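Take a look at the structure below.
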Amino acid sequence: MSNKAIFYGSDTGNTEAAAKQIAAKLQADIFDVASNPKDKLAEYKNLILGTSTMGIGDLQDDWASFLSDVENADLNGKAIALFGLGDADMYPDSFVDGMGEIYNTVKAKGCKIVGQVDTDGYEFDASTAVVDGKFVGLPLDEDNQSDLTNERIEVWVEKIRNEFI
Ligand SMILES: Cc1cc2nc3c(=O)[nH]c(=O)nc-3n(C[C@H](O)[C@H](O)[C@H](O)COP(=O)(O)O)c2cc1C
């Protein structure tokens, strides 16, 4: 069994497609949070959590209940990497805020958060996913910058591979 697992929530398939790409590169197991995989959280040392942002800065719907399972799980000693899908053109003031919400839930849980990304190359005005001048994980924008997605995933996967436990 892999020691890495991806948990993702997706409305129209963009986050799912990114999750599948990342899973293939890392040989990670993959779970849709809509299937309520909370028992799986304890089984892996390295977790990758992915969400799109809906509403104005809201988590993807299926994440709404799964996030409390993550909050109640024992994350001590695990490594966590985050990725988020968003649309910087239409929602420049809440770009990938869903990723910021997951970050705010896991940051005080005794886990190591890996895979922070520079804001260079992204055009947006505000995001709760930016902390200390960096994105807390990997933002992907399939609506405006889909041509950059493969390379962004490639670079990020190599980074987290080295930072994982
Ligand atoms: C109703 C609606 C609201 C959205 N709100 C935001 C938002 O606040 N911030 C953002 O970055 N993207 C927002 N988006 C863009 C989506 O996050 C983006 O299209 C994403 O790729 C969808 O991924 P999914 O198919 O995995 O759900 C919104 C999209 C829709 C349809």
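The values are calculated or read from the model by the stated rules, or taken from the named source; none is laboratory data. Note that this is a predicted model, so its numbers are computed, not measured. In this analysis, Cβ positions are derived from the backbone assuming ideal geometry, glycine residues included, and neighbour counts consider all displayed protein chains. Each accessible area value is taken on the protein alone, full model and side chains, heavy atoms only, with ligands, DNA and RNA left out. Shrake-Rupley method; radii C 1.70, N 1.55, O 1.52, S 1.80 Å.
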What pairs come out if I take residues in the range 58-71 that are within 20 Å of residue 12 (Cα to Cα) and in a helix (DSSP H, G or I) and pair them with residues that are open to solvent by less than 50 Å² (accessible area, probe 1.4 Å) and hydrophobic (A, V, I, L, M, F, W, C) whose C-beta lies under 7 Å away, six or more apart or interchain? 63/33; 66/33; 67/59; 67/102
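Let's see how each residue does on (1) away from the ligand (no atom under 16 Å from the Cβ); (2) within 22 Å of residue 160 (Cα to Cα); (3) touching a Lys or Arg at 6+ places or on another chain (Cβ under 8 Å); (4) part of a helix (DSSP H, G or I):
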residue	(1), (2), (3), (4)
12	no, no, no, no
18	no, yes, no, yes
25	yes, yes, no, yes
39	yes, no, no, yes
75	yes, yes, yes, no
87	no, no, no, no
91	no, no, no, no
105	yes, yes, no, yes
Close pairs from the range 1-21: first more than 20 Å from residue 114 (Cβ to Cβ), partner open to solvent by 50 Å² or more (accessible area, probe 1.4 Å) and away from the ligand (no atom under 13 Å from the Cβ), Cβ under 7 Å, at least 6 apart: 20/30
Quick check on the range 86-136: of everything there that is more than 16 Å from residue 57 (Cα to Cα) and of a type in the set (Gly, Ala, Ser), which residue is nearest to the chain's Cα centre (by Cα)? 115
State yes or no: is residue 117 touching a strand residue (DSSP E or B) at 6+ places or on another chain (Cβ under 8 Å) and under 18 Å from residue 5 (Cβ atoms)? no
Any chance the range 10-29 includes a residue that's modelled with pLDDT of 95 or more, farther than 13 Å from residue 85 by Cα, acidic (Asp, Glu) and over 14 Å from the mean Cα position of the chain (by Cα)? yes
So residue 70 ticks every box in (1) over 20 Å from residue 22 (Cα atoms); (2) open to solvent by 40 Å² or more (accessible area, probe 1.4 Å) but one. Which box is left unticked? (2)
Could you please find all residues in the range 123-165 being without any contact (Cβ under 8 Å) to a residue 12 or more places away in the chain and surrounded by 21 or more Cβ atoms within 10 Å (Cβ to Cβ)? none
Any residue in the range 15-27 that is open to solvent by less than 80 Å² (accessible area, probe 1.4 Å), out of contact with any strand residue (DSSP E or B) (no Cβ under 9 Å at 6 or more places or on another chain) and among the basic types (Lys, Arg)? yes
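For (1) farther than 23 Å from residue 27 by Cα; (2) part of a loop (DSSP other than H, G, I, E, B); (3) without any contact (Cβ under 8 Å) to a residue 60 or more places away in the chain, each residue gets a yes or a no:
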{"position": "52", "(1), (2), (3)": "no, no, yes"}
{"position": "82", "(1), (2), (3)": "no, no, yes"}
{"position": "98", "(1), (2), (3)": "yes, no, yes"}
{"position": "121", "(1), (2), (3)": "yes, yes, yes"}
